[in-house]
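To keep things clear, I will list the structure first and then write my remarks on it.
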Amino acid sequence: MANRKTYAQLRAEVEKRYPSGQTPGGVTVDDIVQLKMQNTYDTHLDIARDMAKIMREDMAAYDADASKFTQSLGCWSGFHAQQMIKAVKRMRGTARGTYVYLSGWMVAGLRNRFGHLPDQSMHEKTAVADLINEIYVSLRQADEVAINDLFKDLKAARDSGDAAAEKKAIAAIDNFETHVVPIIADIDAGFGNEHATYLLAKELIKAGACALQIENQVSDAKQCGHQDGKVTVPREDFIEKLRACRLALEEMGVDEGVIVARTDSLGAGLTQKVPVSQHPGDLASEYIKWLKTEPITDANPIRDGELALFQNGQFVKPARMPNGLFPFKEGTGRARVIEDCIVNLTQGGADMLWIETDTPNVDEIAGMVNEIRKAVPNAKLTYNNSPSFNWTLNLRKQVRAQWLAEGKIKDADYPDGNELMKADYDETDLGREADARLQRFQTDISARAGVFHNLITLPTFHLTAKSVDELSRGYFGDQKMLAYVKTVQREEIRRGVSAVKHQHEVGSDLGDTFKEMVGGERALKAGGHANTMNQFAAE
């Protein structure tokens, strides 16, 4: 937290205003100091500015040491984000290097007023900013709850006259690390033209986003990155949207804000328009050269309403679909990705790249990044470790192919195809090797392919579906209450998950503290002896 004042500094400031130790209305200095310290950020725009600095520091650390990559999980509610950060802090003692990914797919699928929708930018755009705001409200409330607990320790130390415990409690308050972390926010293809992109970008930034991820698809034909029918825009069109995002960040004072430029060209075989080339080698001509074309001949003449291009000294016709879209030449996706990425960094001012791939293959991604880095040596990526991949099948196939090429196995030793998914192969040499590669996948891709940030887009979507299915099968089946206790509560207690005390998790103790601040002994508190959360006090 930038420029956060210490307990002593705040107390000195408040005591200067109220030397008697309380306000004319009877509010004590102690209570004012506590509330000021619990309010870790005044506005979400302050969060965006602070988190941008943290991301820049993390990027510099990665440039110096590729093992220092960052990670995030896609979260579709503030509670998911809060529990993720609490888990990381409980495990590591710090949340540094952990971000939240805000997935446009999950906003479309779960968090909009229009219902469950595919990832095609059909949901209302305000839902994206609303979710960013909700996540930061939840993370800030986690701060409030945690700091309130620290002040309870301070009060207990003072009441008992334990000076050492008092000093320790104040140190814990001063050294408290916020639950607030950077959000990388998916702005899809901008939800409209470049001005619409700018207006929405400002709303995401005001909600707290310090990093915007935007893709080079046509906004009104946007598809999920792992579906067919993707249509890209000419590079100069995309550069204008990158500029729109940069202007929004600059206007809002997030000078160190981060832009992630995503290219879908690897799997996108279509474009909506043919850009106008002004001279050979410009952005338009470098885009047009990849169009699928047909020679104009006596047998295939140019007809009324058709488009002709002059390429390599002759006129040709670009192929055209019945819907008016123009296809690219087959097999050109990789080359277009490399060109996209270089242009996005050198002319679009992007800070980071995102290459949407159809399989998780370290060699494939590293090969593209090595080409990009010939032009931009410090190019960095965000990589989507997508649930759209069948990770088990892909990695097992990769191991099988490699071992066959190396002569380690024979073709008949393992099946080729979907049979490799069977549990029968979990404890085989091939299954164990594939799992070992899964475990080190993010480390490998960060070291070899310039991936600064590893994310999973939709994990909490799938986790929620799996967990509710598991509980429902047991609870509505034979296990009844055992299903809940065994799969949920017992595990919460043993892992130290704070949400097991659900009243405390949502601020019940925080409310009690505030009631005491304004009412003293008259306060009607929820956390007394009759509160059943006391059953978990020893945990």
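The values are calculated or read from the model by the stated rules, or taken from the named source; none is laboratory data. Bear in mind that the values here come from a model prediction, so they are computed numbers and not experimental data. All Cβ positions, even for glycine, are placed from backbone atoms using ideal geometry, and neighbour counts span all protein chains on display.
Restricting attention to segment 211-239, and to residues there that are surrounded by fewer than 18 Cβ atoms within 10 Å (Cβ to Cβ) and not small (Gly, Ala, Ser), which single residue is modelled with the highest pLDDT?
GLU236
Which of the following residues is not assigned by TED's automatic domain parsing to the domain that holds THR263 and not polar (S, T, N, Q): LYS230, LYS152, LYS206?
LYS152
So the check is Cβ under 7 Å with 6+ separation or different chains; which pairs have a first residue in segment 220-237 that's outside any loop (DSSP other than H, G, I, E, B) and a second one that's of a type in the set (D, E, K, R) and modelled with pLDDT of 85 or more?
THR232/ASP264; ARG235/ASP340
Given the criteria among the acidic types (Asp, Glu), touching a residue at least 24 places away in the same chain (Cβ under 8 Å) and either on the phi < 0 side of the Ramachandran plot or not in a helix (DSSP H, G or I) (or both), does GLU240 qualify?
Yes, satisfied.
Among all residue pairs at least 6 apart or on different chains, which show Cβ distances below 8 Å where the first residue, located in segment 415-426, is polar (S, T, N, Q) and the second is surrounded by 11 or more Cβ atoms within 10 Å (Cβ to Cβ)?
Filtered contacts from segment 415-426: ASN418/LEU393.
Here are THR332, THR359: which of them is touching a residue at least 24 places away in the same chain (Cβ under 8 Å) and within 24 Å of the chain's Cα centre (by Cα)?
Residue meeting the stated conditions: THR359.
Given the conditions (1) surrounded by 16 or more Cβ atoms within 10 Å (Cβ to Cβ); (2) more than 19 Å from the chain's Cα centre (by Cα), report the number of the one that ASP416 does not fulfil.
It fails just one condition, (1).
Anything in segment 21-34 that is touching a helix residue (DSSP H, G or I) at 6+ places or on another chain (Cβ under 9 Å) and either surrounded by fewer than 18 Cβ atoms within 10 Å (Cβ to Cβ) or free of Cβ contacts under 8 Å to residues at least 60 places away in the same chain (or both)? List them, or say none.
GLY21, GLN22, THR23, GLY26, VAL27, THR28, VAL29, ASP30, ILE32, VAL33
List the pairs whose first member sits in segment 167-190 and is under 22 Å from GLU505 (Cα atoms), whose second member is outside any loop (DSSP other than H, G, I, E, B) and charged (D, E, K, R), and whose Cβ atoms are under 6 Å apart, counting only residues at least 6 apart or on separate chains?
That search, which allows pairs on different chains as well, returns ALA169/ASP153; THR178/ASP143; HIS179/ASP143.
Is there a residue being outside any helix (DSSP H, G or I), on the phi > 0 side of the Ramachandran plot and surrounded by 18 or more Cβ atoms within 10 Å (Cβ to Cβ) anywhere in segment 173-182?
Taking every residue of segment 173-182 in turn, none turns out to be outside any helix (DSSP H, G or I), on the phi > 0 side of the Ramachandran plot and surrounded by 18 or more Cβ atoms within 10 Å (Cβ to Cβ).
Of all residues being among the aliphatic types (A, V, I, L, M) and surrounded by fewer than 17 Cβ atoms within 10 Å (Cβ to Cβ) in segment 267-282, which is nearest to ARG334 (Cα to Cα)? Just the residue, please.
The residue in question is VAL274.
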